[in-house]
Amino acid sequence: VDWNMPEMNGLEFVMAVRAEPRLRSMTLMMVTTESEQSQIVRALAAGAHEYVIKPFTPDAIAEKLALLGLVPAGSTS
Amino acid sequence: VTSPVLPDTYDVEQIVGEVFGSFLGGDDTMPIPVASSEGDPTVAASVSITGGWSGHVVFGCSESASRIAAAHLLMMSEDDLADADIADAVGELANMIGGNIKSLLPGPSALTLPLVSLGGAALHLPSSTEAVRLDLTWQGQPVRVSVWASTADAQEGTA
């Protein structure tokens, strides 16, 4: 989920997903240029599982996915 | 009141290098700073920053550069690109570069969605003056990144 999106920003999207019982367990990762500490805290408090600041490398994304248990650790290269 | 310290061309070059290195082909095709580019960019995208510092960040390039970048970013053939794809790609580059420049400026602040011009029309940057300009060459094509400070901020800083 990007932070800057038309119509609904990423934070609003995360809050909307977490408010929907059927989607509450969905894994959400913010991928954004927004790097202010307060924004990271708000996104994680709203229910994002991980927060990645752009630009990123494929390895950085793979590392986050491994932390979330979505891919095996060490499968990045 | 003191003026905020703006990013300089070195800062902008580092950010552009990170973005291009991550998304546009890696270290072999890094943009190289040049003294000045020939003519103004025909494709441009801007994002605005409002808050602790207010102004705009503009990414501009030639039409050829925009097509090469969009093909890399979207992993598509240049032949298959629609204008909307190019606008998405150029807007995303402005978003990434602008967002990282925002992180060097006083906050808190907000970043707008990108405005894109594909046809050579000038982007409207209200009440602002160009504070930083970095011209580069990438894949043999001109690229320019500029930072425009709100004149309200500038007046405040010089008061």
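Summary of values
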| item | result |
| --- | --- |
| Filtered residues of region B:16-29 (kept if more than 13 Å from every other protein chain (Cβ to nearest Cβ) and either in contact (Cβ under 8 Å) with a residue 60 or more places away in the chain or under 29 Å from B:S150 (Cβ atoms) (or both)) | B:T29 |
| Number of the condition not met by A:V31 [criteria: (1) within 23 Å of B:K102 (Cβ to Cβ); (2) assigned to a helix (DSSP H, G or I); (3) within 14 Å of chain B (Cβ to nearest Cβ)] | (2) |
| Total residues in region A:54-77, condition in contact with a helix residue (DSSP H, G or I) (Cβ under 8 Å, 6 or more places away or on another chain) and aliphatic (A, V, I, L, M) | 2 |
| Pair list, Cβ < 7 Å and 6+ apart or interchain, from region B:93-121 residues that are facing chain A (nearest Cβ under 10 Å) and touching a residue at least 24 places away in the same chain (Cβ under 8 Å) to residues that are assigned to a loop (DSSP other than H, G, I, E, B) and surrounded by fewer than 17 Cβ atoms within 10 Å (Cβ to Cβ) | B:G107/A:E36; B:G107/B:G52; B:P108/A:E36; B:P108/B:G52; B:S109/B:G52; B:L113/A:P6 |
| Test: B:T137 is over 18 Å from B:G60 (Cα atoms) and of a type in the set (S, T, N, Q) | no |
| Pair list, Cβ under 6 Å, 6 or more apart: region A:48-63 residue within 11 Å of chain B (Cβ to nearest Cβ), other residue of a type in the set (D, E) | A:P55/B:E18 |
| Hits in region A:1-26 (condition: within 14 Å of chain B (Cβ to nearest Cβ) and touching a Lys or Arg at 6+ places or on another chain (Cβ under 8 Å)) | A:L11 |
| Total residues in region B:19-39, condition touching a Pro at 6+ places or on another chain (Cβ under 9 Å) and within 23 Å of B:E78 (Cα to Cα) | 6 |
| Residue identified as without any contact (Cβ under 8 Å) to a residue 24 or more places away in the chain and among the basic types (K, R) among B:R133, B:R67, B:R144 | B:R67 |
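Yes/no matrix, rows are residues, columns are (1) part of a helix (DSSP H, G or I); (2) at pLDDT 95 or above; (3) buried (at least 17 other Cβ atoms within 10 Å of the Cβ):
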residue	(1), (2), (3)
B:V1	no, no, no
B:I15	yes, yes, yes
B:D40	no, no, no
B:A44	no, yes, yes
B:W53	no, no, yes
B:G60	no, yes, yes
B:V90	yes, yes, yes
B:I101	yes, yes, yes
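The values are calculated or read from the model by the stated rules, or taken from the named source; none is laboratory data. Since we're looking at a predicted model, the values are computed, not measured. Heads up, the Cβs are rebuilt from the backbone with ideal geometry, glycines too, and the neighbour counts pull from every protein chain shown.
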